[in-house]
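J.: Before anything else, here's the structure in question.
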Amino acid sequence: MPQQDTADRLKPLEKLRGLEDTHMLINEVYLSVQGESTHAGRPCVFVRTAVCNQRCSYCDTAYAFTQGEPVALDEVVSKSLSFNTELVEITGGEPLLQPLLPELCKRLLAAGREVLIETGGSHDISVVPEGARVILDIKTPGSGEEAANDYANLQRLRKGDEVKFVLTSREDYEWARELVKRENLPGRATVLFSPAFRRIESRDLAAWLLEDGLEARLNLQLHKYIWDPTKRGV
């Protein structure tokens, strides 16, 4: 890893280490329509945490690498519950970097919310409390972050969890297809295949899935078709 890239990743992590134990580093909390996963189309509150240890080639939320402020856990919970919707997704950045993530999940679950955690797959998902559902993003070669995958997470999947592959090319597709078959993922979780926005055509990915008869869902980012793809807070 180049020295500058290493510094770029480590500097924001210092902000996490300096947090009070009652606070999280939050980029934004907002209400929108869920754009991905089996919950696509549902109203959803998004809690976007700040800081990420990965730098995927297709990342569309790079602003969350460094832009975030300490927010008390009580305030994060209160803001999340202030919206009139049952579904809450905690995303990032990388939410599993936040020490208070498990407690946030527990409080939201206790308040009757459905909780999703979208994680880049480089951290142990077993810290996520029972009842919260993980969307595990397995990084493909085209992401530039394949080496960061914690493949042991595939054995930690629980009922209701989902596994997502963001694909940048036919080569990525074939890599993901073989992993799905080798690990028998459809027998353990919902499998999502997502075309990296404007990197491959959704119609091509649909054709590949149909040709191979792979038990995976075509997963489009609905919010990028509803709103401008660069718009934040949607």
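Values in this text are rule-based calculations from the coordinates and carry no lab data. Fair warning: this is a prediction, and the values are worked out from it, not measured in the lab. Note: ideal-geometry Cβ built from the backbone for every residue, glycine included; neighbour counts use all protein chains shown.
J.: Can you spot a residue in region 85-98 that is out of contact with any strand residue (DSSP E or B) (no Cβ under 7 Å at 6 or more places or on another chain), without any contact (Cβ under 8 Å) to a residue 60 or more places away in the chain and either in a strand (DSSP E or B) or buried (at least 21 other Cβ atoms within 10 Å of the Cβ) (or both)?
T.: Checking region 85-98: not a single residue is out of contact with any strand residue (DSSP E or B) (no Cβ under 7 Å at 6 or more places or on another chain), without any contact (Cβ under 8 Å) to a residue 60 or more places away in the chain and either in a strand (DSSP E or B) or buried (at least 21 other Cβ atoms within 10 Å of the Cβ) (or both).
J.: While we're on this one: Looking at region 220-230, which of the residues that are in a loop (DSSP other than H, G, I, E, B) and under 18 Å from the mean Cα position of the chain (by Cα) is farthest from F193 (Cα to Cα)?
T.: Top of the filtered list is T230.
J.: So which residues in region 180-202 are closer than 19 Å to G142 by Cα and surrounded by fewer than 18 Cβ atoms within 10 Å (Cβ to Cβ)?
T.: Across region 180-202, the qualifying residues are F197, R198, R199, E201, S202.
Each row is one residue, and each column tells you yes or no for (1) touching a helix residue (DSSP H, G or I) at 6+ places or on another chain (Cβ under 6 Å); (2) over 20 Å from F83 (Cβ atoms).
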| residue | (1), (2) |
| --- | --- |
| K106 | no, no |
| G112 | no, no |
| V115 | yes, no |
| G120 | no, yes |
| I125 | yes, yes |
| R133 | no, no |
| I138 | no, yes |
| E146 | no, yes |
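J.: Moving on. Given the structure, is N149 buried (at least 16 other Cβ atoms within 10 Å of the Cβ), in contact (Cβ under 8 Å) with a residue 60 or more places away in the chain and closer than 24 Å to L13 by Cβ?
T.: No; evaluated as a whole, the condition is false for this residue.
J.: Still on this structure, please answer the following. Restricting to region 210-229, and then to whatever is aliphatic (A, V, I, L, M) and over 17 Å from G187 (Cα atoms), can you tell me which residue is surrounded by the fewest Cβ atoms within 10 Å (Cβ to Cβ)?
T.: Among those residues, the one meeting the criterion is L210.
J.: Also, quick follow-up: Restricting attention to region 54-80, report how many residues are within 17 Å of G142 (Cα to Cα) and polar (S, T, N, Q).
T.: Adding up the residues that qualify gives 2.
J.: Can you confirm whether F165 is of a type outside the set (D, E, K, R), crowded, with 17+ Cβ neighbours inside 10 Å, outside any helix (DSSP H, G or I) and on the phi < 0 side of the Ramachandran plot?
T.: Considered against the rule, which asks whether it is of a type outside the set (D, E, K, R), crowded, with 17+ Cβ neighbours inside 10 Å, outside any helix (DSSP H, G or I) and on the phi < 0 side of the Ramachandran plot, F165 comes out as yes.
J.: Would you confirm, using the coordinates I've provided, whether K159 is of a type in the set (D, E, K, R) and free of Cβ contacts under 8 Å to residues at least 24 places away in the same chain?
T.: It is true that K159 is of a type in the set (D, E, K, R) and free of Cβ contacts under 8 Å to residues at least 24 places away in the same chain.
J.: If you go through region 168-227 one residue at a time, how many are within 18 Å of H39 (Cα to Cα) and polar (S, T, N, Q)?
T.: 4
J.: From A64, A110, grab the single residue that is out of contact with any Leu (no Cβ under 7 Å at 6 or more places or on another chain), aliphatic (A, V, I, L, M) and surrounded by fewer than 16 Cβ atoms within 10 Å (Cβ to Cβ).
T.: A110
J.: Report whether or not D137 is under 22 Å from N184 (Cα atoms) and in contact with a His (Cβ under 8 Å, 6 or more places away or on another chain).
T.: In short, no.
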